[in-house]
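Working notes, structure below.
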Amino acid sequence: MTFHVIDLIRTKRDGGRLSDDAVDWLVRAYTDGAVADEQMAAFLMAVVWRGMEPAELTRWTAAMVASGERLDLSGVGRPTVDKHSTGGVGDKVSLVVVPLVAACGAAVPQLAGRGLGHTGGTLDKMESIPGWQAALPPDRMRAVLRDVGGFMAAAGAGLAPADRKLYALRDVTGTVESIPLIASSIMSKKIAEGTSALLLDVKVGSGAFLTSPADARLLAETMVELGNAEGVATEALLTGMDTPLGRTAGHALEVAEAVETLCGGGPVDLVEVTVALARRMLALVGLDGGADPADVLAAGTAYDTWRRMVTAQGGDPDAALPSAEHVETVYAPAGGFLRTLEARAVGVAAWRLGAGRSRKEDPVSATAGVRWLAAVGDRVSARSPLLELHTHDPARLPAALEALTNAVEIGDTPPVVEPLIRDRIHL
Ligand code: URA
């Protein structure tokens, strides 16, 4: 069936709903180049204002999945489960949870992304390991899942190509901030990767992609519905992101912290979120009757899986990670309790030190980042070392320091710390 794109733009502009056939046609025609960027931009802006009805969004997401291939992981011999985070500062949970859940018996096919803005991307972090390659052809993905139990890799061009085009257009037309568009973008890629179950880690708080708790909850609910509608057992945890996670933000710094955690150590907040996610991932595929992820992590068993995963993608797990040439220490301005360490400010500082990119093509520095030497709630002494700023280029330090101007609050009373795991969203 053929439609006139202008009619579809007008329908959405006036608050109407597209028919299933119209949705299928529009997504296909845009992916094939028959609908122009300016027409799709107008349609997307209409979606930003008017939204999509639930059934319309389900169809839109299915059409995005159908624009490319859907990986078949049925032969890997273990149940498949992935996790996706909406992005946070210091969020290296994937690096720990993928080998951990694999060590507990599931297969974790993680197609990950790169960072843009103040939050980091898993692939950028993994690429700080000498030799490690993000590209993994589908046959190798299946082999690694069978033999090792998990991978973290880049999505190939054949997976949800409609999203690739739509996301690039949304990026330059002010149409990223729309819950139906974000939900369909994330879920089309996760559904196409072929996982049978998916746990979403939706971040809430000042350092999160969506800072309003109500928006974060609505995004989580929307994605949970989309996943289940497409036959992927999906649920979400809402987790706090007012304070950065762990003790580091920056690629090589975060890999080192993930390894420390896999070996049975690591910061308590990182361990708490990782274990909560791992337990739900295993429950989604019926493997929650086996070893508890907290015990597996504490015993260091998942580190062996990590080493095999890194090796399977060309990396050397024994190679030294790169380290920054310049480390600037920031001292506590007063003594007392560390009441606030603002996640977004730390993320922006790490980005300005060289860890982030402004455009998708920009290179990132593996060694740049921030380490904080105290956690929120800790007592600190006046003029004791509080933050380390790592960079290859000292000219970047003033802008990073500027980002941190109001990031730290020290007071006489301990802060009220909200629980990290805020809620679970499931059908
Ligand atoms: N991440 C995605 O993959 N898509 C969005 O729209 C936003 C974040």
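Some observations on this one:
- Residue match in the range 148-170 (condition: touching a residue at least 60 places away in the same chain (Cβ under 8 Å), of a type in the set (Lys, Arg) and more than 30 Å from Asp304 (Cβ to Cβ)): yes
- Pairs, first within 18 Å of Thr80 (Cα to Cα) in the range 215-234, second acidic (Asp, Glu) and not in a helix (DSSP H, G or I), C-beta under 8 Å, six or more apart: Val224/Glu235
- Test: residue in the range 244-263 that is over 30 Å from Arg396 (Cβ atoms) and among the basic types (Lys, Arg): no
- Matching helices (runs of 4 or more DSSP H) fully within the range 11-106 where at least 1 residues are closer than 22 Å to Leu218 by Cβ and more than 16 Å from the ligand (Cβ to nearest atom): 20-32, 37-50, 54-66
- Gly354 passes every criterion in (1) free of Cβ contacts under 8 Å to residues at least 60 places away in the same chain; (2) surrounded by fewer than 21 Cβ atoms within 10 Å (Cβ to Cβ) apart from (2).
- Scope the range 140-162; condition of a type outside the set (A, V, I, L, M, F, W, C) and modelled with pLDDT under 95; matching residues: Gly156, Gly158
- Residue in the range 14-30 that is among the acidic types (Asp, Glu), in contact with a Ser or Thr (Cβ under 9 Å, 6 or more places away or on another chain) and either at pLDDT 95 or above or farther than 30 Å from Gly149 by Cβ (or both) present: no
- Which listed residue, of Leu226, Leu237, is out of contact with any Ser or Thr (no Cβ under 9 Å at 6 or more places or on another chain) and of a type in the set (A, V, I, L, M): Leu237
- Within the span defined as the range 381-388, one or more residues are touching a residue at least 60 places away in the same chain (Cβ under 8 Å) and in a strand (DSSP E or B).
- Entry remark, the range 114-128: residues being part of a loop (DSSP other than H, G, I, E, B), farther than 15 Å from Ser365 by Cβ and at pLDDT 95 or above number 0 in total.
- You will find that of Ser196, Ser188, the residue that is within 16 Å of the ligand (Cβ to nearest atom), hydroxyl-bearing (Ser, Thr, Tyr) and closer than 17 Å to Met223 by Cβ is Ser188 and no other.
- Among residues of the range 202-212 being in contact (Cβ under 8 Å) with a residue 40 or more places away in the chain and more than 23 Å from Arg371 (Cβ to Cβ), the one that is surrounded by the most Cβ atoms within 10 Å (Cβ to Cβ) is Val202.
- The listed residues are Ala220, Ala216, and the only one of them that is more than 12 Å from the ligand (Cβ to nearest atom), in a helix (DSSP H, G or I) and over 26 Å from Leu71 (Cβ atoms) turns out to be Ala216.
- Among residues of the range 171-185 being in contact with a Leu (Cβ under 8 Å, 6 or more places away or on another chain) and β-branched (Val, Ile, Thr), the one that is nearest to the ligand (Cβ to nearest atom) is Ile182.
- Only one of the listed residues (Glu260, Glu272) is buried (at least 17 other Cβ atoms within 10 Å of the Cβ), assigned by TED's automatic domain parsing to the domain that holds Ser128 and within 21 Å of the chain's Cα centre (by Cα). That residue is Glu260.
Rundown of residues vs (1) surrounded by fewer than 18 Cβ atoms within 10 Å (Cβ to Cβ); (2) assigned by TED's automatic domain parsing to the domain that holds Gly113; (3) hydrophobic (A, V, I, L, M, F, W, C), yes/no style:
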residue	(1), (2), (3)
Leu136	no, yes, yes
Arg140	yes, yes, no
Ala160	no, yes, yes
Arg170	no, yes, no
Lys189	no, yes, no
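The values are calculated or read from the model by the stated rules, or taken from the named source; none is laboratory data. Quick caveat: nothing in here was measured; it's all calculated off a predicted structure. Neighbour counts are summed over all protein chains in view; Cβ atoms, including those assigned to glycine, are modelled from backbone coordinates with ideal geometry.
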